[in-house]
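The values are calculated or read from the model by the stated rules, or taken from the named source; none is laboratory data. Remember, it's a predicted structure, so these values are computed and weren't measured experimentally. For neighbour counting, all protein chains shown are included, and Cβ atoms are generated from backbone atoms with ideal geometry for every residue, glycine included. Heads up: the accessible areas ignore ligands, DNA and RNA and are worked out on the full protein's heavy atoms, side chains in. Shrake-Rupley method; radii C 1.70, N 1.55, O 1.52, S 1.80 Å.
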Amino acid sequence: MFRPVLGIIGGGQLGSLLASAAKSIDIKTVILCDDNDAPAKHFADEFIHGEYNDENTLKKFLYKSDIITYEFENIPFLTLKTLESSKKVIPKPEINRVIQNRLFEKDFVNKCNLRTTMYQHIKSKNDLEASNFFPGLLKTCTLGYDGKGQYKLNNKEDIDNFNIDYSNEYIIEKFVNLKKEISVVLTRFGHQRYEIYDPIENVHEDQILKFSYLPAIIDDQIRDKSKEWASILAEELDYIGTMCVEFFIDKNDNLYVNEIAPRVHNSGHLTLNAYNISQFENHIRAVCGLEKIKIERQYDAKMINLIGSQINEYRGKKLNENEYFYDYLKKEIKEKRKMGHLTILNKKD
Ligand code: AMP
């Protein structure tokens with residue numbers, strides 16, 4: 001059977017885990033990354049270093065790849081369109097264009113009649129001063145992640161306490177009193193053809209994911225609703241591959257869509273050990289048109305992100321039988337940088 005070579009844009013830990021999963025099912029990968037020290041270099045069959053808008057780099061990448069996918073969303077639309085003119089790019093570039101902009105993303109979710117937090121487009125200081133979405137979070141429309149480009153504004157007086165760069169566009173989001181945060185990871189193979197993982201409960205520290213728990217401890221109604229909403233979004237986007245929908249649950253048990261990630265997701269790392277088929281393998285299966293296999297959860301699990309120097313404690317440490325340590329092999333330890341993760345499995349309840 002024909003096995004395509006999969007081109008992956010982005011060489012971070014998600015690219016590494018995708019490349020490893022591909023290898024396990026006999027799919028070769030070529031990674032394109034603008035960082036020559038990218039960790040995925042250690043895991044992929046081939047690695048191309050270059051800028052994402054460099055014509056020659058893209059040509060080389062196209063020549064080596066049969067199908068192209070990506071592991072992060074902040075890729076220039078033009079790059080994806082250029083690649084799409086000669087090879088299949090999955091998920092489609094148009095999906096990425098909507099999701100990489102918080103305003104477009106939230107408008108899209110509302111068009112699907114699903115609830116988001118209340119938000120308002122902010123194009124200037126005047127807009128912000130006229131807003132009544134306080135207490136709120138001001139977030140850049142593009143390029144923010146892990147709390148980067150975000151300001152917590154308790155009231156209008158707070159506006160001048162931050163050095164806000166008004167050359168960016170923002171949204172301000174009403175602050176939600178959170179009871180829990182959960183995510184739903186799913187893989188869509190085609191029209192109404194899904195594998196949906198059980199909702200995962202997520203705990204953030206400093207707006208960075210720290211712990212994930214599988215399954216999330218939530219009532220059945222919320223569990224079913226979150227899975228249904230995630231599949232409505234995937235169907236509306238005509239999405240192919242693995243994606244993740246992050247949700248908020250407030251103190252009154254209202255569910256809100258927070259974000260969509262058009263890619264494999266950090267909260268889904270525990271699928272590597274807790275399921276028969278991980279989110280990574282499923283992404284590759286869907287994108288490369290391979291067989292869809294019914295997923296089965298085999299364990300309950302907890303995942304701990306190892307951030308900055310926390311990785312040191314685990315390098316060389318003897319692990320228990322139910323513990324799985326992943327070192328992303330990043331060249332430099334940096335504060336707030338995700339360096340690796342640990343998954344601990346438990347018997348299913
Ligand atoms: P985001 O980058 O939008 O996913 O935000 C990162 C984290 O900040 C979320 O996972 C929440 O823990 C917190 N957060 C973001 N927006 C809100 C909000 N509107 N209300 C309460 N907490 C929020």
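Worth a mention:
- All positions within segment 329-348 that are under 18 Å from PHE211 (Cβ atoms), in a loop (DSSP other than H, G, I, E, B) and in contact (Cβ under 8 Å) with a residue 40 or more places away in the chain: LYS336
- Only listed residue being of a type in the set (S, T, N, Q), closer than 25 Å to GLU181 by Cβ and open to solvent by less than 40 Å² (accessible area, probe 1.4 Å), chosen from ASN258, ASN254: ASN258
- ILE99 closer than 30 Å to ASP45 by Cα, within 16 Å of the ligand (Cβ to nearest atom) and surrounded by 14 or more Cβ atoms within 10 Å (Cβ to Cβ): yes
- Enumeration of residues in segment 144-161 that are within 16 Å of the ligand (Cβ to nearest atom), farther than 30 Å from PRO262 by Cα and open to solvent by 70 Å² or more (accessible area, probe 1.4 Å): ASN154
- Boolean, VAL185 is touching a His at 6+ places or on another chain (Cβ under 7 Å), among the hydrophobic types (A, V, I, L, M, F, W, C), crowded, with 20+ Cβ neighbours inside 10 Å and at pLDDT 95 or above: yes
- Residue satisfying all of: in segment 191-205; surrounded by fewer than 19 Cβ atoms within 10 Å (Cβ to Cβ) and within 15 Å of the ligand (Cβ to nearest atom); modelled with the highest pLDDT among these: VAL203
Residue-wise test of (1) more than 11 Å from the ligand (Cβ to nearest atom); (2) more than 29 Å from THR343 (Cα to Cα); (3) not in a loop (DSSP other than H, G, I, E, B).
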| residue | (1), (2), (3) |
| --- | --- |
| HIS121 | yes, yes, yes |
| ASN126 | yes, yes, yes |
| LYS139 | no, yes, yes |
| THR142 | yes, yes, no |
| ILE171 | no, yes, yes |
| LYS180 | no, no, yes |
| VAL184 | yes, no, yes |
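- In segment 329-348, residue modelled with the lowest pLDDT [restricted to those that are more than 19 Å from LYS302 (Cβ to Cβ), under 21 Å from the mean Cα position of the chain (by Cα) and surrounded by 11 or more Cβ atoms within 10 Å (Cβ to Cβ)]: LYS336
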